[in-house]
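Peer 1: Sharing a structure with you now.
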Amino acid sequence: MGALPTPIDSSEIYTALQQGVVDGQENMAADIYSNKYYEVQEYMTLTKHVFTPYFLGMSMKTWSKLDDSQKEAVIKAVQDATELLNVEAAKAEENNIEELSKLMTVEKEPDLEAFRAQAIGAYEVFTEKYGTDYIDRINEQLGRK
């Protein structure tokens with residue numbers, strides 16, 4: 001896509017943008033807003049190309065100490081918390097985007113097909129190494145063939 005990715009410590013992003021070391025950065029709206037990147041970055045494009053999952057873990061040693069009713073309670077609590085977290089995270093993202101829209105130019109509906117067409121070569125890199133199962137499942141979840 002013509003970009004040259006450059007790893008930068010998160011504590012240095014603001015200064016790197018300010019000094020022109022980089023032209024842009026990739027973060028969630030909450031990070032852009034809370035770190036005030038809008039002060040040194042004029043544009044933001046919502047490409048929807050990343051999903052950041054949250055993981056909850058428990059050791060098998062601890063899990064095996066639980067009886068069946070406790071295991072069921074933990075699973076139910078995690079399912080309930082996940083549902084609530086997803087709703088609240090979506091609200092927070094929407095609120096952050098609205099606030100950022102007041103401070104910078106936010107392209108909310110870019111031509112995603114143009115991005116996909118440009119990135120199609122990346123599929124080959126991953127499918128050669130891992131097969132097509134993951135990409136097929138992602139496309140299925142997104143309603144794409």
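Computed from the coordinates by the stated procedures, all read-outs in this text should not be read as laboratory data. The structure presented is a predicted model; accordingly, all values stated were derived computationally and were not measured. Here Cβ is always computed from backbone atoms with ideal geometry, including for glycine, and neighbour counts include all displayed protein chains.
Peer 1: Would you mind stating whether GLU99 is surrounded by 12 or more Cβ atoms within 10 Å (Cβ to Cβ) and either in contact with a Cys (Cβ under 6 Å, 6 or more places away or on another chain) or part of a helix (DSSP H, G or I) (or both)? Step through it out loud before you land on a result.
Peer 2: Numbers: surrounded by 12 or more Cβ atoms within 10 Å (Cβ to Cβ): yes; either in contact with a Cys (Cβ under 6 Å, 6 or more places away or on another chain) or part of a helix (DSSP H, G or I) (or both): yes.
So GLU99 fits the description; yes.
Peer 1: Can you tell me which residue in the stretch 1-57 is nearest to SER101 (Cα to Cα), limited to those that are among the small types (Gly, Ala, Ser) and surrounded by 10 or more Cβ atoms within 10 Å (Cβ to Cβ)?
Peer 2: My answer is ALA29.
Peer 1: Only one of ILE135, ILE120 is touching a residue at least 12 places away in the same chain (Cβ under 8 Å), assigned to a helix (DSSP H, G or I) and within 22 Å of the chain's Cα centre (by Cα); which?
Peer 2: ILE135
Peer 1: Sticking with this structure for a sec: Can you find a residue that is of a type in the set (Asp, Glu), surrounded by fewer than 11 Cβ atoms within 10 Å (Cβ to Cβ) and closer than 30 Å to SER34 by Cβ anywhere in the stretch 113-121?
Peer 2: No: zero hits.
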